[in-house]
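Remarks on the structure that follows.
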Amino acid sequence: MLGGVIFNLSNILLVAAIAIAGMSIAFPVGVGLCMVLGVIINYIATPKGEAFTLFAGVGLVTLAIVLDALAYRKLASSQQKTPAKGILLSVMAGFLMAWFFRFVASSIATNLEMPETGKLTPYAAFFFFVIGIVISNLVFNTILMKKPLAGEPVTFGEYFRAGSKSHLSGILGGMIWALGTALSLLAAGKAGYAISFGLGQGATLIGALWGVFIWKEFKAAPKGTWLLLTLMFILFFSGLGMIILAGT
C-alpha cells in the first residue's frame, strides 16, 4: 500500500510535468531517471542477472536521457522558453517512482507455490498496491485541485461535468497500466526485480515516440535537434536490449 502511495504521488507530478514541459522531455527524463535509480535499488535488494550487462544497459539509457534533455533545451531556446519547473517536476517524479517497486516487491513471497507466512502472491500484492493508490488519490487530488501545479484550480463539479469520452479514456489508460504492472510483478519471479522493473520502464520510449511523432512537439525545432533525438532513440533501444540480455 505504501508503494501505491509513492507511485501515485510520483505519477501526479509526472502528469504535471508533461503539461508544463511536454511529453518528449517529461516522460524520458522522469521515467528514465526512475528506471536508472529503480534498477540500482532493486538489484541491491535482490541481485539477479548479469551485473555488467545490466548496468551497461542502464548507462546507455542514462545517456539517452541526457540527449533528450539537450534536444529539448535547443527547442526551448528557439522558442525563448525556460521550462525549469517542468524539468524539476520530472526529476522529482522520477526519483519517487524509483522506490515504489521495491516496497511492492518486498511484500511478495519468494516461493509462489508455498508462500511464506506474512507474504503475498503477486496478485494480492498488486491488489493492496492499488488500494494505496485509491486512498492517497483522495488526498493528493483534492489538494492539487485547489492548488494545481499547472493550469487553474478546478472543482469536483467540473470533474463530474466532463464528458463520458474523457472518463472512459482515463479508465482505459488505467486498465492498460494495470495489466502492464501486474505482468511486470509476475515476470519478476523469473527475471529478477531489477530486470523486470527496468524493462517495464521501456514505456519511456513509447512516451518519447508519441511526443515526437504524434504530437509533433519538435516540429519547429532548430537545426541539429533531430540528430540528438535520433541518437536518443538508438541509445534507448540499445540500453533496453542489453537489459534483456542481462537476464538470459
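The values are calculated or read from the model by the stated rules, or taken from the named source; none is laboratory data. A quick note: this is a predicted structure, and the numbers were derived from the prediction, not measured. Glycine also receives a Cβ, built like all others from the backbone with ideal geometry; neighbour counts cover every protein chain displayed. Ligands, DNA and RNA are stripped out before the accessible areas are found, and what is left, the full protein with its side chains, is counted by its heavy atoms. Shrake-Rupley method; radii C 1.70, N 1.55, O 1.52, S 1.80 Å.
Just checking, does the range 7-15 include any residue being modelled with pLDDT of 90 or more, part of a helix (DSSP H, G or I), aromatic (Phe, Trp, Tyr) and under 14 Å from Ala93 (Cβ atoms)?
Checked the range 7-15: at least one residue is modelled with pLDDT of 90 or more, part of a helix (DSSP H, G or I), aromatic (Phe, Trp, Tyr) and under 14 Å from Ala93 (Cβ atoms).
Out of Phe52, Phe27, Phe103, which single residue is in contact with a Gly (Cβ under 7 Å, 6 or more places away or on another chain), more than 23 Å from Ile206 (Cβ to Cβ), open to solvent by 10 Å² or more (accessible area, probe 1.4 Å) and in a helix (DSSP H, G or I)?
Numbers: Phe52 fails: in contact with a Gly (Cβ under 7 Å, 6 or more places away or on another chain); Phe27 fails: more than 23 Å from Ile206 (Cβ to Cβ).
Testing whether each residue is in contact with a Gly (Cβ under 7 Å, 6 or more places away or on another chain), more than 23 Å from Ile206 (Cβ to Cβ), open to solvent by 10 Å² or more (accessible area, probe 1.4 Å) and in a helix (DSSP H, G or I) leaves just Phe103.
If a residue must be without any contact (Cβ under 8 Å) to a residue 24 or more places away in the chain and of a type in the set (D, E, K, R), how many such residues does the range 25-64 contain?
0
Here is a list: Pro153, Pro222. Which entry is surrounded by fewer than 17 Cβ atoms within 10 Å (Cβ to Cβ), free of Cβ contacts under 8 Å to residues at least 60 places away in the same chain, more than 18 Å from Val31 (Cβ to Cβ) and in contact with a Lys or Arg (Cβ under 7 Å, 6 or more places away or on another chain)?
Details: Pro222 fails: free of Cβ contacts under 8 Å to residues at least 60 places away in the same chain.
Within the list Pro153, Pro222, the selection yields Pro153.
Exactly one of these conditions fails for Leu112: (1) in contact (Cβ under 8 Å) with a residue 60 or more places away in the chain; (2) within 25 Å of Lys48 (Cα to Cα); (3) part of a helix (DSSP H, G or I); (4) open to solvent by 70 Å² or more (accessible area, probe 1.4 Å). Give me its number.
Among (1) in contact (Cβ under 8 Å) with a residue 60 or more places away in the chain; (2) within 25 Å of Lys48 (Cα to Cα); (3) part of a helix (DSSP H, G or I); (4) open to solvent by 70 Å² or more (accessible area, probe 1.4 Å), Leu112 violates only (3).
Given the conditions (1) open to solvent by 90 Å² or more (accessible area, probe 1.4 Å); (2) more than 21 Å from Val15 (Cβ to Cβ); (3) in a helix (DSSP H, G or I), which single one is not true for Thr117?
(3)
In the range 166-208, what count of residues is obtained for those that are basic (Lys, Arg) and closer than 21 Å to Gly132 by Cβ?
The number of residues fulfilling the criteria is 0.
Matching residues to (1) among the β-branched types (Val, Ile, Thr); (2) touching a helix residue (DSSP H, G or I) at 6+ places or on another chain (Cβ under 7 Å); (3) in a helix (DSSP H, G or I); (4) over 23 Å from Gly94 (Cβ atoms):
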| residue | (1), (2), (3), (4) |
| --- | --- |
| Val130 | yes, yes, yes, no |
| Asn137 | no, yes, yes, no |
| Gly174 | no, no, yes, no |
| Ala178 | no, no, yes, no |
| Phe197 | no, yes, yes, no |
| Ala208 | no, yes, yes, no |
| Lys216 | no, no, no, yes |
| Leu228 | no, yes, yes, no |
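If you go through the range 164-183 one residue at a time, do you hit one that is of a type outside the set (Gly, Ala, Ser) and in contact with a strand residue (DSSP E or B) (Cβ under 9 Å, 6 or more places away or on another chain)? Walk me through it before giving the result.
Filtering the range 164-183 for residues of a type outside the set (Gly, Ala, Ser) gives 165, 167-168, 171-172, 175-177, 179, 181, 183.
Checking the rest, the ones that are also in contact with a strand residue (DSSP E or B) (Cβ under 9 Å, 6 or more places away or on another chain) come to none.
No, the range 164-183 contains no residue that is of a type outside the set (Gly, Ala, Ser) and in contact with a strand residue (DSSP E or B) (Cβ under 9 Å, 6 or more places away or on another chain).
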